[in-house]
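Novice: Handing you this structure, nothing more for now.
The values are calculated or read from the model by the stated rules, or taken from the named source; none is laboratory data. Keep in mind the model is a prediction, meaning the values are calculated, not measured. FYI the Cβ positions are ideal-geometry reconstructions off the backbone, even for glycines, and counts take in every protein chain you see.
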């Protein structure tokens, strides 16, 4: 079979035009690859002649891929000819440029369409559809669907275990981008060529695994030329070869990290072995802060602080990079909620109490437990509801909810969220603090325990 030399040069949706070239765009001819995550894979597929850029010299890595394009890219990589196949295999597939590829894919059992009648070639391909098409096309040994399991779970699990895409980092219905498809096809091609990759166990170990344990944990970090500090608590029975979780705990505007460590109660919870990190905000006249005035919603000052801490700790200790969590109260709750959007591709779960959120373009879904007292006089309940609704949108949940434990928090679980990213909302009515004083912005004594119980229950 001959490698296809048909490349996308311009257009949108079903108006895409494929033309034949004798060569391909070299890396330097793509003007928009710098800084993208899957640059190496994009360049390799371009050099192979599987994909190409647009007429203006760009690749447009964030553009979405439709279902017709998806089949074409896969078949080009596999050198699977389809020119002799006509259309008519679906009611919406006639004599278009993609008809032969779609009908060949149907014959091979790679696609079945909607209701067995429609292929919807112009529809954006979502992540789990892309996984299925690629894995079926490359004939990878994906496990069958278990009873009661959604059809796409085996594909997500295979992708997760073979370090393609973390199942915690995207929702099934997320549209696949051009760079993600390039990475997926290139990486699966590598897996197929080297069968030792098959059934691989996902490597979640950080660079610190196996390293000599430091004499003392890191507590000083330099961020943007400013020395910052944390309280870093390492498990007493820490072993360099055993992966541990990491839990960040952010304090509010008026209480220091030392103070919240004393009342959060998270270290006493029944939880897996973990490193607990209590960062210290920068103190201003009005109290502690996690951002500067004028910060863009997607680039709050201390997102970088979080990044630096995690990188440093993970380089010195054996961290499970799929087990990164964060909790926070009040302004710390606001920062935790905001971080959950900006670092949704890093955090597995977050829990907050009495916090709102700054919204930005989220990097992925995240499991959420959010507590907020309807009587809160310092952080308005309505701001908490806005944050909750943003989480529901982030995780593509419905507005339908059912009661769940703990009953003391009046908690509900929203329906339709991602399989690994639930949203639990707890409008608790604990109006009195531990001293018996009326304080509706308080952290209930059981809150930390319930938050870590929530983390423990995540898939």
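Novice: Just to be sure, is residue 1 at pLDDT below 90, surrounded by fewer than 18 Cβ atoms within 10 Å (Cβ to Cβ) and outside the structural domain of residue 182 (by TED's automatic domain parsing)? Explain how you work it out, then say what you get.
Specialist: On the way: at pLDDT below 90: yes; surrounded by fewer than 18 Cβ atoms within 10 Å (Cβ to Cβ): yes; outside the structural domain of residue 182 (by TED's automatic domain parsing): yes.
Taking the combined requirement at face value, the residue satisfies it.
Residue by residue, here is whether (1) touching a strand residue (DSSP E or B) at 6+ places or on another chain (Cβ under 6 Å); (2) assigned by TED's automatic domain parsing to the domain that holds residue 452; (3) under 23 Å from residue 296 (Cα atoms); (4) crowded, with 24+ Cβ neighbours inside 10 Å holds:
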site: 372; (1), (2), (3), (4): no, yes, no, yes
site: 403; (1), (2), (3), (4): yes, yes, no, no
site: 408; (1), (2), (3), (4): no, yes, no, no
site: 417; (1), (2), (3), (4): yes, yes, no, no
site: 422; (1), (2), (3), (4): yes, yes, no, no
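Novice: Does residue 193 qualify as being more than 23 Å from residue 322 (Cα to Cα) and at pLDDT 90 or above? It would help to see each step written out before you state the result.
Specialist: Numbers: more than 23 Å from residue 322 (Cα to Cα): yes; at pLDDT 90 or above: no.
In short, no.
Novice: Checking the condition more than 28 Å from residue 163 (Cα to Cα) and touching a residue at least 60 places away in the same chain (Cβ under 8 Å), which residue from 330, 315 passes? So that I can check it myself, show each step before the final result.
Specialist: On the way: 315 fails: more than 28 Å from residue 163 (Cα to Cα).
Sole residue among the options that is more than 28 Å from residue 163 (Cα to Cα) and touching a residue at least 60 places away in the same chain (Cβ under 8 Å): 330.
Novice: May I ask you to list the residues in the range 114-123 that are under 25 Å from residue 62 (Cα atoms) and surrounded by fewer than 20 Cβ atoms within 10 Å (Cβ to Cβ)? Explain how you work it out, then say what you get.
Specialist: If we filter the range 114-123 for residues that are under 25 Å from residue 62 (Cα atoms), which is where we start, we get 119-123.
Scanning the range 114-123 gives 120, 122, 123.
Novice: Can you tell me which of 260, 246 is farther than 29 Å from residue 204 by Cα and surrounded by 19 or more Cβ atoms within 10 Å (Cβ to Cβ)? Break it down into steps so the answer makes sense when it comes.
Specialist: On the way: 246 fails: farther than 29 Å from residue 204 by Cα.
Criteria check complete, one pass: 260.
Novice: Mind checking which residues of the range 115-144 are in contact with a strand residue (DSSP E or B) (Cβ under 9 Å, 6 or more places away or on another chain) and either assigned to a loop (DSSP other than H, G, I, E, B) or free of Cβ contacts under 8 Å to residues at least 60 places away in the same chain (or both)?
Specialist: 116, 117, 118, 119, 120, 121, 122, 123, 125, 126, 127
Novice: Quickly run through the range 152-192 and pick out the residues that are part of a loop (DSSP other than H, G, I, E, B) and under 18 Å from residue 111 (Cβ atoms). Don't jump to the end; show me each part of the working.
Specialist: Restricting attention to the range 152-192, the residues satisfying the condition of being part of a loop (DSSP other than H, G, I, E, B) are 152, 162-174, 176.
The answer is 152, 172, 173, 176.
Novice: Residues being surrounded by fewer than 17 Cβ atoms within 10 Å (Cβ to Cβ) and under 13 Å from residue 79 (Cα atoms): count how many of those fall in the range 42-56.
Specialist: 1
Novice: Which ones in the range 68-88 are under 25 Å from residue 173 (Cα atoms) and in contact with a helix residue (DSSP H, G or I) (Cβ under 7 Å, 6 or more places away or on another chain)?
Specialist: Within the range 68-88, 68, 70, 71, 72, 73, 74, 75, 77 meet the criteria.
Novice: With (1) surrounded by 19 or more Cβ atoms within 10 Å (Cβ to Cβ); (2) in contact with a strand residue (DSSP E or B) (Cβ under 9 Å, 6 or more places away or on another chain); (3) free of Cβ contacts under 8 Å to residues at least 60 places away in the same chain as the list, and residue 385 as the residue in question, which single condition is left unmet?
Specialist: (1)
Here is a yes/no grid of residues against (1) surrounded by fewer than 24 Cβ atoms within 10 Å (Cβ to Cβ); (2) part of a strand (DSSP E or B); (3) at positive phi; (4) in the same structural domain as residue 297 (by TED's automatic domain parsing):
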| residue | (1), (2), (3), (4) |
| --- | --- |
| 311 | yes, no, no, yes |
| 323 | yes, yes, no, yes |
| 326 | no, yes, no, yes |
| 334 | no, no, no, yes |
| 345 | yes, no, no, yes |
| 352 | no, yes, no, yes |
| 360 | yes, no, no, yes |
| 363 | yes, no, no, yes |
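Novice: Out of the residues in the range 422-440 that are touching a residue at least 40 places away in the same chain (Cβ under 8 Å) and not in a loop (DSSP other than H, G, I, E, B), which is nearest to the chain's Cα centre (by Cα)?
Specialist: The first filter runs over the range 422-440 and keeps only residues touching a residue at least 40 places away in the same chain (Cβ under 8 Å), leaving 422-431, 434, 440.
Remaining after also requiring not in a loop (DSSP other than H, G, I, E, B): 423-426.
Working: 423: 15, 424: 18, 425: 20, 426: 24 Å.
Among those that are touching a residue at least 40 places away in the same chain (Cβ under 8 Å) and not in a loop (DSSP other than H, G, I, E, B), it is 423.
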